[in-house]
Amino acid sequence: MGVVLSRRSGYARLRHQVRMATPSQSMITEAIAAARAGDRARARDLLSRLLRTDSANAEYWVWMSAVVDTDRERIYCLESALKLDPTNRSALRGLVILGARKPADAELTAALRIPRRQVAAVSASTAIRRAPRVNWGMVALSALAIFAVAVLFTYGGPVFSALGILGRRALSPPPQLATLSPTPSATPVLQTPTETPLPAATRVLRTPVPTEFGGTPLALLVPFTMTPTPIVGATPHNEYEAYQSGLEALAAGRYEEALGYFDQVAKLAPRLEDVQYLRGEALRLAGTPRQSFEAYDAAILLNRDFAPAYLGRGRAFMAIEDPTRGVADFEKAYKLDPQLEQAYLDLAQYYAGKRLYDKAEELLQRAIDRGVGTPLVLIRISRAQYGRTNYQDAVKNAIEGSAADPTIVEGYLAIGSGYYELGLYNDAVWPLKTYTLYAPDDPLGWSYLGRALVQTGDADGARAALDRSLSINERHGPAHQGKGFLALLQGDGQAALDAFKQARRFAPDNYELMLGVGRAQYLVGNYREAIKELNQAISLAGEEKLLANRERRRADGYVLLGLVYEATDPPLLNDAIVQWNYILSMGGSSPEAVALAEQHLQALTGRVPTRQATWTPSATIYGTTPTPTPTRTPTPGPSPTAGPSPTRTPTEEWSPP
């Protein structure tokens with residue numbers, strides 16, 4: 001009790017002392033005092049207000065970790081602090097104790113000697129120099145030992161208060177954010193400093209925002225300082241008070257009120273083109289685009305070179321479904337003002353909606369070449385590149401854009417979908433979870449998340465995400481496709497075929513869908529149909545722009561073809577041998593596919609050295625040999641394949657195609 005009273009009296013003294021400090025200093029001092037006195041609600045309120053004004057302050061995040069309620073929240077706060085300040089030992093030690101980081105990661109904070117004021121510059125572009133040779137492992141272990149002893153005998157420190165080490169939970173195993181999976185990671189944890197600058201992938205948010213934070217704007221959860229976005233086309237007119245009031249109403253979404261203010265200014269100054277343009281904006285945004293044309297036309301008559309008026313009129317044309325004139329106005333707008341970002345974005349969005357991804361990418365690249373390489377432009381060009389199956393560049397641009405502005409929600413969809421298409425399913429999960437938290441009404445985000453969870457083996461999570469997608473849009477083809485793969489995961493070939501049939505009703509064929517149908521046909525014993533679907537999938541995979549993706553996907557198809565040929569009655573062993581040899585001849589085959597090919601060739605020919613495979617085929621792609629229901633099987637003989645004839649009997653002189 002004496003300790004508690006002492007702390008509370010100290011809390012009161014600190015509250016009195018902060019009156020002489022600056023507002024932010026006063027608030028953080030009072031927040032710390034509240035946290036130490038056990039007034040967590042008061043401390044959390046103060047720290048939330050501080051983070052709204054300065055989310056790039058690592059100290060605020062560390063103290064916030066002391067007053068949140070769950071380990072997931074604590075981990076999130078500490079990761080945010082460490083991202084802002086890689087030298088913050090309190091944050092790293094807290095993460096180690098929570099089980100979110102390995103003890104070896106302590107080497108990083110010991111090695112880096114960067115003042116906090118330089119952290120932002122380092123994250124953006126500068127290189128990190130190598131530290132002198134020191135046995136950092138021993139240093140880290142010693143530091144952790146000292147830290148553990150200190151925790152047992154002191155109440156101080158925000159992280160230690162948050163962890164509750166003095167309570168019974170100190171004896172429980174450290175919590176984990178997620179179960180590790182063998183899928184390779186595209187965004188590794190921080191490693192030993194090198195001479196190269198930190199890539200964007202280490203700066204972008206790499207853990208999903210906890211569900212309990214879902215009501216909190218992203219701007220308050222990520223290390224990013226928001227800057228006000230000016231209204232396009234607005235020009236200061238300090239002599240008209242109504243003008244500024246109109247801008248404020250327009251920004252707040254009070255469009256009728258804004259129109260009233262701009263009408264007042266238009267009567268006083270009828271020759272101001274920006275006022276007429278803003279009248280048009282208020283009318284268009286209020287849901288009456290046809291009434292806005294008069295105002296936009298008036299602005300253009302006053303100044304034919306006023307680019308924002310063409311932008312606004314183009315948007316109005318798009319709203320009334322007159323894309324021809326809308327496109328013409330967008331083009332006019334960015335030609336008059338090459339820095340007008342929204343003209344590029346709106347026109348590119350129209351092209352993407354028409355699946356003209358090449359035109360969308362070309363337009364956005366033109367914007368970048370002209371210096372309009374904003375985070376949103378980078379994210380949108382990644383979506384266009386995704387549409388063109390250029391997944392590697394798509395992920396690169398999505399990460400760059402999201403790292404530059406992590407408050408753009410669609411950036412997380414761009415990263416997650418790109419990772420998914422590259423086969424990096426574990427990496428796809430975290431951005432997709434964040435995206436669906438902040439865009440819960442988009443069926444595409446849920447279907448991508450569900451399909452990624454299928455591939456990581458999380459059947460329950462996948463089912464929930466796919467059901468959510470279909471509850472929003474029951475005709476969403478990718479969600480039905482995900483349902484098919486979920487059925488494959490559970491070994492139900494017929495249910496998978498039913499789901500894939502629905503997917504084909506609502507969406508065009510794609511490689512993944514054809515591969516899934518081939519797998520399902522194999523499971524139910526329809527080998528002829530399986531061969532047909534798999535060859536189509538392999539042919540489509542051959543059109544992939546990225547060599548690694550192309551080879552990986554073709555190899556997956558050859559694996560299934562090999563299994564199908566072996567399962568026929570009688571088995572088409574010569575055809576199967578050719579498929580397994582294709583896999584060994586391709587440079588991009590996955591290690592799992594290679595191991596399986598060597599196993600089968602050894603069993604079929606005895607000519608491949610035995611190699612102990614450490615991989616068990618996944619039911620979602622390869623599966624194990626099924627027990628099919630009796631059906632009519634193909635007769636031995638030539639069968640369609642991609643590449644040389646599968647009926648060729650391999651000999652010792654066989655060479656790769």
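Quick one: would you say Gln502 is touching a His at 6+ places or on another chain (Cβ under 7 Å), surrounded by fewer than 24 Cβ atoms within 10 Å (Cβ to Cβ) and touching a residue at least 12 places away in the same chain (Cβ under 8 Å)? Walk me through it before giving the result.
On the way: touching a His at 6+ places or on another chain (Cβ under 7 Å): yes; surrounded by fewer than 24 Cβ atoms within 10 Å (Cβ to Cβ): yes; touching a residue at least 12 places away in the same chain (Cβ under 8 Å): yes.
Yes.
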Practice task
Check Glu400 against each of (1) out of contact with any Phe, Trp or Tyr (no Cβ under 9 Å at 6 or more places or on another chain); (2) of a type in the set (D, E, K, R); (3) under 24 Å from Pro478 (Cα atoms) and name the one condition it does not meet.
Solution key: (3)
Practice task
Working only within the range 345-354, note down all residues that are farther than 18 Å from Ala316 by Cβ and more than 22 Å from the chain's Cα centre (by Cα).
Solution key: Tyr351, Lys354
Problem - Filter result (under 17 Å from Val96 (Cα atoms), modelled with pLDDT of 80 or more, assigned to a helix (DSSP H, G or I) and of a type outside the set (Asp, Glu)) within the range 64-83 - result: Ser65, Arg74, Ile75, Tyr76, Cys77, Leu78, Ser80, Ala81, Leu82, Lys83
Fill in the blank from the handout: Going through the range 235-251 in order, the residues found to be in contact (Cβ under 8 Å) with a residue 12 or more places away in the chain and farther than 14 Å from Leu283 by Cα are Thr235, His237, Tyr240, Ala242, Tyr243, Ser245
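Quick check on Arg271: is it free of Cβ contacts under 8 Å to residues at least 12 places away in the same chain, part of a loop (DSSP other than H, G, I, E, B) and basic (Lys, Arg)?
no
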Exercise for the section: Say whether the condition of being part of a helix (DSSP H, G or I), modelled with pLDDT under 95, over 23 Å from the mean Cα position of the chain (by Cα) and of a type in the set (Gly, Ala, Ser) is met by at least one residue in the range 476-490. Expected result: no
Completion exercise
Only one of (1) more than 26 Å from Ala499 (Cα to Cα); (2) surrounded by fewer than 24 Cβ atoms within 10 Å (Cβ to Cβ) does not apply to Tyr425, and that is (1)
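Does Leu470 satisfy the condition of being buried (at least 22 other Cβ atoms within 10 Å of the Cβ) and of a type in the set (A, V, I, L, M)? Please lay out each step first, then the result.
Working: buried (at least 22 other Cβ atoms within 10 Å of the Cβ): no; of a type in the set (A, V, I, L, M): yes.
It is false that Leu470 is buried (at least 22 other Cβ atoms within 10 Å of the Cβ) and of a type in the set (A, V, I, L, M).
Does Arg13 satisfy the criteria of being in contact with a Leu (Cβ under 8 Å, 6 or more places away or on another chain) and modelled with pLDDT under 75? Explain how you work it out, then say what you get.
Values: in contact with a Leu (Cβ under 8 Å, 6 or more places away or on another chain): no; modelled with pLDDT under 75: yes.
Taking the combined requirement at face value, the residue does not satisfy it.
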Exercise for the section: Please find, within the range 383-401, the residue that is nearest to the chain's Cα centre (by Cα) out of those that are among the polar types (S, T, N, Q) and modelled with pLDDT of 90 or more. Expected result: Asn397
Exercise for the section: Please determine, by comparing only the residues of the range 43-61 that are polar (S, T, N, Q) and over 16 Å from Leu78 (Cβ atoms), which one is modelled with the highest pLDDT. Expected result: Ser48
Fill in the blank from the handout: Within the range 350-374, the residues that are crowded, with 18+ Cβ neighbours inside 10 Å and part of a helix (DSSP H, G or I) are Tyr350, Tyr351, Ala352, Tyr357, Ala360, Glu361, Leu363, Leu364, Ala367
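For the range 31-52, how many residues meet the condition of being more than 29 Å from the chain's Cα centre (by Cα) and free of Cβ contacts under 8 Å to residues at least 60 places away in the same chain? Can you show your working first?
Of the residues in the range 31-52, the ones more than 29 Å from the chain's Cα centre (by Cα) are 31-43, 45-46.
With the extra rule that they be free of Cβ contacts under 8 Å to residues at least 60 places away in the same chain, the set shrinks to 31, 33-34, 37-43, 45-46.
So the answer is 12.
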Handout entry: Looking only at the range 420-461, and only at residues there that are farther than 15 Å from Phe485 by Cβ and of a type in the set (S, T, N, Q), the one that is modelled with the highest pLDDT
Key = Thr436
Completion exercise
When Asp305 is run through (1) in a helix (DSSP H, G or I); (2) over 35 Å from the mean Cα position of the chain (by Cα), the failure sits at (1)
Practice task
Go through the range 382-439 and count every residue that is outside any helix (DSSP H, G or I), within 17 Å of Gln365 (Cα to Cα) and either in contact with a Leu (Cβ under 6 Å, 6 or more places away or on another chain) or not polar (S, T, N, Q) (or both).
Solution key: 1
Fill in the blank from the handout: Reported set for the range 233-246 where residues are surrounded by fewer than 19 Cβ atoms within 10 Å (Cβ to Cβ) and under 42 Å from the mean Cα position of the chain (by Cα) is Thr235, Pro236, His237, Gln244, Ser245
Exercise for the section: Considering only the range 546-562, state which residues are buried (at least 24 other Cβ atoms within 10 Å of the Cβ) and either touching a residue at least 60 places away in the same chain (Cβ under 8 Å) or among the aromatic types (Phe, Trp, Tyr) (or both). Expected result: Arg554, Asp556, Gly557, Tyr558, Val559, Leu560, Leu561
Problem - Identity of the residue in the range 587-617, in contact with a Pro (Cβ under 8 Å, 6 or more places away or on another chain) and surrounded by fewer than 20 Cβ atoms within 10 Å (Cβ to Cβ), that ends up modelled with the lowest pLDDT - result: Trp615
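The values are calculated or read from the model by the stated rules, or taken from the named source; none is laboratory data. Quick caveat: nothing in here was measured; it's all calculated off a predicted structure. Glycine gets a Cβ as well: all are built from the backbone with ideal geometry, and neighbour counts include every protein chain shown.
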